[in-house]
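Below: one structure, written as structure tokens.
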Amino acid sequence: MGDPAEDRGKLTSQQELCVPDKQATKRSCCSTLKLFIVALSFAYFSKALSGTYMKSAITQIERRFDLSSSLIGLIDGSFEMGNLLFLAVVSHFGAKLHRPRLIAMGCFLMAVGSFLTGLPHFFMGRYTFDTVIQGSMNDSVSITPCLDLLKQTDIPEIQMEPSSDFNTDCVRDSSSHMWIYVFLGNALRGIGESPVTPLGISYIDDFAKAENSAFYIACLQTITLLGPMFGFLLGSLCARLYVDIGYVDLETVTITPKDARWVGAWWLGFLVSSVIMLLSGIPFWFLPRSLPKQGEESKLLPSTTTQDGAGNSDATPHQTMTLAVIAKGFIPSLKKLLSTPAYFLLLCGSILKFNSFIGLLTFKAKYMEQQFGQSAARANFLIGVLNLPAVAVGIFLGGLLMKRYKLGVVSGAQLSFVTSFMAYLLLLLQFGTKCDNVQVAGLTVSYNGTPGVVSDGSLLLSECNRDCSCLAGEWDPVCSDNGITYTSPCLAGCSSSTGYGKNTVFHNCSCVLSSPAPGGSMSVTLGQCPRRRECSHSFTSYMAVSVLSSFINSLGTTPGYMVIIRCIKPELKSLALGIQTLVMRTLGGIPAPLYFGALIDTTCLRWGIKKCGGRGACRLYDSDMYRVIFLGLITCLSGSSYFFIIAVIVLLRIQFRREGDTTTGQPPQSSLEIELQTPPKTTEPLNTPKEIKVHTPKEGEREGEAEEDNSLQTHKDTEEEERGEMLGQTLC
């Protein structure tokens, strides 16, 4: 053979132009694919940040728009509604179109949705709350709450239903229907998120080597973990800032972040996430529609590649024909999938488990606020820096255990069950980590200090304040030295004041005499009384149990998802994962916030009153009932799921015994045979001496053996790839 350089020198100029530069093509393909992975990682980070910020801003939105917890649950579920509305359509038709540009459009829609969510702030006017202190007052002005209310006529009486005399001011008020824009913005964000995950993962899977695909997806999801952490940290920062920061003098604001009327700068986080998502979509506009497969760049000639990097044009008819075949076999495949007992039972258990998870994630910060007296900022901060890192480490170690000990289907199911049940037992311990109800006169204790919960407000008026003509519906709490909180200075019977702003002190409060503190005064200060010291110890114990429970539970997450892949036929894996996502979001992501919020509303002791009448946001909850209902609902849902998981383990053990696997934990041979749906030819191990033939095989036999080896190797690569993909879906 001649020298390649000499051979190339003999080519004509036309032929030389047609010879591809293999090294340059390979480098260009790899760099473009890696650029796509980097851009997709940023998009994943952005959407995770925006989603978790929405969870962290639940309390602020509830107070700003005067909404109940059930209505807040509806707003939170609107993301799933928008996502499910277009997920199937995008996943089906997206592969035929320009996938990077579809992802860019999705990022743009998410940015618009986040911007629309925060937009109502600029049309609602300044946030106002009930208080007897005016910002213009100075130290020389004395407030007499018990007398002034006789002259005030602009504050409505307590009403539980909207007033009939609505006017234009009420329509423009924050208590009107401006929350609909938050609902629509969150739904639009869900629509924009629909192309990011399915098209991004399929793009990597199509153009990366099989052995690299799982690694790329794992790296993608690892970077994604930063999104929820930064989302809760951003929520913590915004909750510390007053809602109208930059527009009002903060010295005139008389409430603190721990007050039930406090509203943080909820809108600021949505604007920040909108900008981040808009930036994340820019790189996708400049990426090609397709790339050469990694390792096959040299097989592509320039004449078969379009300007945007598309491959051979013959792929389109083949793809269309394949999609047509898949469409015809959808119903039979779905029937076959749902008739698989292990998959169906596992799906039922996953629905119950997902319901409890969504309810916990949505209202966990609010539970920490109401049960332990924490501010929304501190609750979000602790979730972001303690719970989420523990979950990330647990998921990673769970996948490492699967790989290190080569756990099979039954062993993976058992590991998932054991870790989940241990976390469940730790959850039961949280019933004992509690704080007593805040002592509020007329609601949780009587005016003389006798405990007793009353939710109808019938005991708010007493002999000590009956002559003050107080409004029972107002909420402007003050604290006395005896540790009892009064709902307003008027209901405390105060007749004078000193100081101004946050430093206002009310004096000569007649109701304080009903339950005097040893050596205490008859004065009260602004704000609720702080929790007892024992409550801070209970909160420390709660956080320790919560973090440990999150870590242990996440250890079995990846093995649990691997069971779904391995307990069904290989050709049904994609359909199984799609059906699982669809069903869990439909039956878990949408209804869970609704009924969790509705049950939480039943524990409210004092509702706020809208300016135009009607029930606003809750000001005070019965913390004992809140704990029982919130943790009890999570416990019941999680506990019910274990009946299905135990049934799955029993079915898998029976199935593996029938296949001759006695280990039930190390099934590299029988598991592979089950997945390939090829029964063993002999009951003896495949690698016994009897399988070895001492003769020279024929050419046809060699080709058959090579094809079988390639098939097995391809299946192993696909299995590793699915592990990485399942890890990614778990982290999302």
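Report, by residue number, each residue of segment 103-132 that is within 17 Å of PHE270 (Cβ to Cβ) and open to solvent by 40 Å² or more (accessible area, probe 1.4 Å).
Start the filter on segment 103-132 by keeping residues that are within 17 Å of PHE270 (Cβ to Cβ), which leaves 107-124, 127.
Correct list: PHE108, LEU109, VAL112, PHE115, LEU116, LEU119, PHE122, PHE123.
Report, ordered by the first and then the second residue, all pairs with beta carbons closer than 8 Å, sequence separation of six or more or different chains, a first member in segment 617-636 that is of a type in the set (Lys, Arg), and a second member that is assigned to a helix (DSSP H, G or I) and open to solvent by less than 20 Å² (accessible area, probe 1.4 Å).
If the second residue must be assigned to a helix (DSSP H, G or I) and open to solvent by less than 20 Å² (accessible area, probe 1.4 Å), the pairs left are ARG627/TYR367; ARG627/GLN371.
Check off (1) closer than 30 Å to PRO257 by Cα; (2) of a type outside the set (D, E, K, R); (3) surrounded by fewer than 22 Cβ atoms within 10 Å (Cβ to Cβ) for SER356 and give me the number that stays unchecked.
(3)
Looking at (1) touching a strand residue (DSSP E or B) at 6+ places or on another chain (Cβ under 8 Å); (2) at pLDDT 85 or above; (3) loosely packed, with under 15 Cβ neighbours inside 10 Å, which is the one condition that is false for GLY527?
It fails just one condition, (3).
In segment 268-284, which residue that is buried (at least 21 other Cβ atoms within 10 Å of the Cβ) and of a type outside the set (A, V, I, L, M) is nearest to GLY527 (Cα to Cα)? Break it down stepwise before answering.
In the first step, residues of segment 268-284 are kept if they are buried (at least 21 other Cβ atoms within 10 Å of the Cβ); the result is 269-270, 273-274, 276-277, 280-281, 284.
So of that shortlist, the ones also of a type outside the set (A, V, I, L, M) come out as 269-270, 273-274, 280-281, 284.
Details: GLY269: 27, PHE270: 29, SER273: 33, SER274: 35, SER280: 43, GLY281: 46, PHE284: 51 Å.
Among residues in segment 268-284 that are buried (at least 21 other Cβ atoms within 10 Å of the Cβ) and of a type outside the set (A, V, I, L, M), the one nearest to GLY527 (Cα to Cα) is GLY269.
Check segment 575-584 and report whether any residue there is closer than 24 Å to ASP259 by Cα, in a helix (DSSP H, G or I) and either touching a Lys or Arg at 6+ places or on another chain (Cβ under 7 Å) or open to solvent by less than 10 Å² (accessible area, probe 1.4 Å) (or both). Please lay out each step first, then the result.
Keep residues of segment 575-584 that are closer than 24 Å to ASP259 by Cα, which gives none.
The answer is no; no qualifying residue exists.
Go through segment 47-70 and count every residue that is in a helix (DSSP H, G or I) and touching a Leu at 6+ places or on another chain (Cβ under 9 Å).
Step one: list which residues in segment 47-70 are in a helix (DSSP H, G or I), which gives 47-56, 58-64, 69-70.
Now narrow it down to the ones that are touching a Leu at 6+ places or on another chain (Cβ under 9 Å): 48-49, 52-53, 55-56, 61-62, 69-70.
Residues flagged as in a helix (DSSP H, G or I) and touching a Leu at 6+ places or on another chain (Cβ under 9 Å) within segment 47-70 amount to 10.
Scan segment 396-439 for residues that are crowded, with 22+ Cβ neighbours inside 10 Å and either β-branched (Val, Ile, Thr) or free of Cβ contacts under 8 Å to residues at least 60 places away in the same chain (or both) and report the count.
Adding up the residues that qualify gives 4.
Which of the residues spanning segment 53-89 are open to solvent by 20 Å² or more (accessible area, probe 1.4 Å), of a type outside the set (A, V, I, L, M, F, W, C) and under 15 Å from PRO228 (Cβ atoms)?
Selection gives LYS55 alone.
Looking only at segment 480-490, decide whether some residue is within 21 Å of ARG615 (Cα to Cα), in contact with a Leu (Cβ under 7 Å, 6 or more places away or on another chain) and either at pLDDT below 85 or of a type outside the set (S, T, N, Q) (or both). Steps first, answer last, please.
From segment 480-490, those within 21 Å of ARG615 (Cα to Cα) are 486-488; that's our starting set.
Among the residues that remain, those that are also in contact with a Leu (Cβ under 7 Å, 6 or more places away or on another chain) are: 487.
With either at pLDDT below 85 or of a type outside the set (S, T, N, Q) (or both) added as a condition, the list becomes none.
No, that holds for no residue.
With the condition kept exactly as written, say whether any residue in segment 555-563 is open to solvent by less than 60 Å² (accessible area, probe 1.4 Å), modelled with pLDDT of 90 or more and farther than 30 Å from CYS464 by Cα. Spell out the reasoning first.
Restricting attention to segment 555-563, the residues satisfying the condition of being open to solvent by less than 60 Å² (accessible area, probe 1.4 Å) are 555-563.
Filter again for modelled with pLDDT of 90 or more, leaving none.
No, there is no match, as no residue in segment 555-563 is open to solvent by less than 60 Å² (accessible area, probe 1.4 Å), modelled with pLDDT of 90 or more and farther than 30 Å from CYS464 by Cα.
Take the residues of segment 245-267 that are under 24 Å from the mean Cα position of the chain (by Cα) and small (Gly, Ala, Ser): which is surrounded by the most Cβ atoms within 10 Å (Cβ to Cβ)?
GLY264
If you go through segment 592-612, how many residues are open to solvent by 40 Å² or more (accessible area, probe 1.4 Å) and either touching a Lys or Arg at 6+ places or on another chain (Cβ under 8 Å) or under 27 Å from GLU80 (Cα atoms) (or both)?
5
Could you tell me whether CYS618 is surrounded by 21 or more Cβ atoms within 10 Å (Cβ to Cβ), of a type in the set (A, V, I, L, M, F, W, C) and more than 18 Å from the chain's Cα centre (by Cα)?
yes
The values are calculated or read from the model by the stated rules, or taken from the named source; none is laboratory data. What you see is a predicted model, and the numbers here were worked out from it, not measured in a lab. FYI the Cβ positions are ideal-geometry reconstructions off the backbone, even for glycines, and counts take in every protein chain you see. Accessible surface areas use protein heavy atoms only, side chains included; no ligands, DNA or RNA. Shrake-Rupley method; radii C 1.70, N 1.55, O 1.52, S 1.80 Å.
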